[in-house]
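One structure is given here, and the rest of the page talks about it.
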Amino acid sequence: MSKQAIATILVIALFASGAVSTTAQVNQPKLQDISLTPSQASHFVRLALKCVAREYPNKPEHVLNDAGDVQSPKALHPAFHGCYDWHSSVHGHWMLVRLLRMFPNLPEAKDIRKAIGANLSEKNILVEAAYLKQKNRQSFERTYGWAWLLKLAEELSLSNTAEAKAWSRNLQPLIDALVSSYILFLPKQTYPIRTGVHPNTAFGLAFAYDYAKTAGNEKLASLIAERSRTYFAKDANYPGAWEPGGEDFFSPALMEADLMQRVMSAAEFRRWFHRFLPQLAAGVPKTLLRSATVTDRSDPKLVHLDGLNLSRAWCMRSIASALPANDPARKVLANSARLHASDALAHVASGDYAGEHWLASFAVYLLSTPEP
């Protein structure tokens, strides 16, 4: 067992016993609880409610076509101006919708409904959709923000409440615009983007594929399956030892595998995966299985690594679940997922907005991904 794994286990034991506490850990989910509970849900909801209507600080991804484009974030994006940037606001809304569906009796339920109702109004969404159709907007939030918007759409479609159906109807123009953007763009994207940050192609395809399957959009689902195979089916001996990069919040290796388990049959995926990371069952590469170290949670790039630990954990859970029960790589992935989750869940609420405006969404997606 590595020194880092031993240290993590000791930290878990100390927090569980109450021997260690700091201001940053107050009201944190307990590290040994690697599943989503109502109390954890309330904790994450409160983080999101603090930012979905908070306009500043704000980092817009905005191309100025003329002087008239110099506008406030809320004027440009009346629905998704909070949480520092557009995509973080979108997945903050996804998290609120998901937690409201999973735990409809949360103490914060009324506040969730009020916040979502105000932001996802018909008028606001029409402004958002119109923005995408303006000149020089074709690459806006491509494909990270696109993927999260379709994940929000998928989540709304899974709810049977009248309010969720109304929000879904309001969102439809933006859904239609982004589905069209995927269909127009993907045939033109010759090469995948293998980065550990926003433009990662595998992530953008995975969430869009989930939406397409749930919505019954076979045209989009078929295109994503074809593109996934074109980009990744021949990959072998992936250099996972090169990970992580210094500002990653995705593992390019694991995100790719998480996508391929969606579009391949179980048998095909197992063959592909063992060509892709052939030594994983032996614990190699170690850097892929060891949680990343975060040295400064007030730095908006370095804190990405907390997100990396969360997204690695959800990918590992999904990949392991797609492998046979007797596959030795399954156990390695499951154990590493638990270590990553334990490390990262302690820091979702660090007390600094650099991480707090987005990490809760990653935590909820992880905790609502079943363990293998």
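Close Cβ contacts (under 7 Å, 6 or more residues apart or on different chains) running from residues in the stretch 310-323 that are over 26 Å from G355 (Cα atoms) to residues that are open to solvent by 10 Å² or more (accessible area, probe 1.4 Å) and part of a loop (DSSP other than H, G, I, E, B) comprise A320/P372; S321/P370; S321/P372. No other residue among E155, E141 is open to solvent by less than 40 Å² (accessible area, probe 1.4 Å), closer than 25 Å to L254 by Cα, assigned to a loop (DSSP other than H, G, I, E, B) and of a type in the set (D, E) apart from E141.
Each row is one residue, and each column tells you yes or no for (1) surrounded by fewer than 16 Cβ atoms within 10 Å (Cβ to Cβ); (2) not in a helix (DSSP H, G or I).
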residue: H81; (1), (2): no, yes
residue: H91; (1), (2): no, no
residue: R98; (1), (2): no, no
residue: P104; (1), (2): yes, yes
residue: D111; (1), (2): yes, no
residue: Y131; (1), (2): no, no
residue: N160; (1), (2): yes, yes
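D248: within 14 Å of F207 (Cβ to Cβ), acidic (D, E) and modelled with pLDDT of 95 or more, yes or no? Even if it seems obvious, please write down each step before you answer.
Values: within 14 Å of F207 (Cβ to Cβ): no; acidic (D, E): yes; modelled with pLDDT of 95 or more: yes.
Considered against the rule, which asks whether it is within 14 Å of F207 (Cβ to Cβ), acidic (D, E) and modelled with pLDDT of 95 or more, D248 comes out as no.
For the stretch 169-197, a residue qualifies if it is free of Cβ contacts under 8 Å to residues at least 40 places away in the same chain, within 20 Å of the chain's Cα centre (by Cα) and part of a helix (DSSP H, G or I), and exactly one does: I175. The condition (being among the aliphatic types (A, V, I, L, M) and free of Cβ contacts under 8 Å to residues at least 12 places away in the same chain) is satisfied by just one residue among A109, A53: A109. Just one residue in the set L254, L205, L259 is among the hydrophobic types (A, V, I, L, M, F, W, C) and in contact with a Cys (Cβ under 9 Å, 6 or more places away or on another chain); that residue is L254.
Here is a yes/no grid of residues against (1) out of contact with any Leu (no Cβ under 8 Å at 6 or more places or on another chain); (2) not in a helix (DSSP H, G or I):
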| position | (1), (2) |
| --- | --- |
| P199 | yes, yes |
| G204 | yes, no |
| A208 | no, no |
| Y211 | no, no |
| T214 | no, no |
| S222 | yes, no |
| A225 | yes, no |
| A241 | no, no |
| G246 | no, yes |
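The helices (runs of 4 or more DSSP H) found entirely in the stretch 265-372 that carry 3 or more residues being basic (K, R) and open to solvent by 10 Å² or more (accessible area, probe 1.4 Å) are 266-276, 328-345.
The values are calculated or read from the model by the stated rules, or taken from the named source; none is laboratory data. Note that the structure is predicted; figures quoted are calculated from it, not measured. Positions of Cβ are backbone-derived with ideal geometry, glycine not excepted, and every protein chain shown enters the neighbour counts. The accessibility values were calculated without ligands, DNA or RNA, using every heavy atom of the protein model including side chains. Shrake-Rupley method; radii C 1.70, N 1.55, O 1.52, S 1.80 Å.
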